[in-house]
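Below you'll find the structure, written out as structure tokens, and then a few comments.
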Amino acid sequence: MSDMKKTGFLLKRINSFIIFTFLSITNVVRRCALQLLMSKQKTLDKQTLKEALQKETQKM
């Protein structure tokens, strides 16, 4: 495999990782926001964040 092909392959992999990570973070934020909207809480507590992170981790 030439250096250009290796570089292109690596860039595609890095790009995919960045997009996947961004979407995962977006999903965690969305879950937390929905939880706050549905509850009477006015602030985000550790438990809500922990639950959202666990759901996103299980999805992967």
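With Thr43, Thr57, Thr48, Thr7 as the choices, which residue is hydroxyl-bearing (Ser, Thr, Tyr) and either touching a helix residue (DSSP H, G or I) at 6+ places or on another chain (Cβ under 7 Å) or touching a residue at least 60 places away in the same chain (Cβ under 8 Å) (or both)?
From the options Thr43, Thr57, Thr48, Thr7, the qualifying one is Thr48.
If I filter region 9-31 for residues that are more than 19 Å from the chain's Cα centre (by Cα), small (Gly, Ala, Ser) and either surrounded by 10 or more Cβ atoms within 10 Å (Cβ to Cβ) or modelled with pLDDT under 90 (or both), do I get at least one hit?
The answer is no; no qualifying residue exists.
Within the group Lys40, Lys50, which residue is part of a loop (DSSP other than H, G, I, E, B), loosely packed, with under 13 Cβ neighbours inside 10 Å and of a type in the set (Lys, Arg)?
On inspection, the qualifying residue turns out to be Lys40.
Within region 22-32, does at least one residue satisfy the condition of being outside any helix (DSSP H, G or I) and not polar (S, T, N, Q)?
So far as region 22-32 goes, no, none of its residues is outside any helix (DSSP H, G or I) and not polar (S, T, N, Q).
The values are calculated or read from the model by the stated rules, or taken from the named source; none is laboratory data. Note that the structure is a prediction, hence the values are computed from the model and not measured. Don't worry about glycine lacking a Cβ; one is built from the backbone with ideal geometry, like all the others, and counts go over all protein chains shown.
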